[in-house]
Amino acid sequence: MIKIEVRLFATFRNGRGKKVFVEMDQPTVEDVLQSINITNEEVAILLVNGQDGRFDQVLVEGDYLSIFPPVGGG
């Protein structure tokens, strides 16, 4: 099992807080998002360790995700 830190922004924090920690075996970004009930379609910006990430990217110990929803308003 590896522990992944997920940093949440804007509306993703509702009911979850600023950070969530997920423990899984060989998770992809998509696996981690599914475990915290966020779909790929809800994500506007996805960063792995501060760099552009992919949903099929396999994560390793020490990785962290930063996810942002689309920005609304006007």
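Restricting region 18-46 to residues that are more than 18 Å from Ile2 (Cβ to Cβ) and assigned to a strand (DSSP E or B) leaves a set whose member that is farthest from the chain's Cα centre (by Cα) is Ile45. For region 14-23, what are the residues that are touching a Lys or Arg at 6+ places or on another chain (Cβ under 9 Å) and either basic (Lys, Arg) or open to solvent by less than 70 Å² (accessible area, probe 1.4 Å) (or both)? Residues satisfying the conditions are Lys18, Lys19, Val20, Val22. Applying the set (1) surrounded by 15 or more Cβ atoms within 10 Å (Cβ to Cβ); (2) on the phi > 0 side of the Ramachandran plot to Val6 leaves exactly one unmet item: (2). Taken together, the residues in region 43-61 that are open to solvent by less than 80 Å² (accessible area, probe 1.4 Å) and either free of Cβ contacts under 8 Å to residues at least 40 places away in the same chain or polar (S, T, N, Q) (or both) amount to 10.
Would you check if Leu65 is open to solvent by less than 90 Å² (accessible area, probe 1.4 Å) and in contact (Cβ under 8 Å) with a residue 60 or more places away in the chain? Explain how you work it out, then say what you get.
On the way: open to solvent by less than 90 Å² (accessible area, probe 1.4 Å): yes; in contact (Cβ under 8 Å) with a residue 60 or more places away in the chain: yes.
So Leu65 fits the description; yes.
For region 65-72, the criterion of being modelled with pLDDT under 95 and aliphatic (A, V, I, L, M) is met by at least one residue. Residues in region 1-37 that are closer than 10 Å to Leu65 by Cβ, β-branched (Val, Ile, Thr) and in contact with a Phe, Trp or Tyr (Cβ under 8 Å, 6 or more places away or on another chain): Ile4, Val6, Val29.
The values are calculated or read from the model by the stated rules, or taken from the named source; none is laboratory data. As the structure is a prediction and not an experimental result, all values here were calculated from the model. Backbone-built Cβ (ideal geometry, glycine too); neighbour counts: all protein chains shown. Accessible surface is based on the protein model in full, side chains and every heavy atom, while ligands, DNA and RNA are left aside. Shrake-Rupley method; radii C 1.70, N 1.55, O 1.52, S 1.80 Å.
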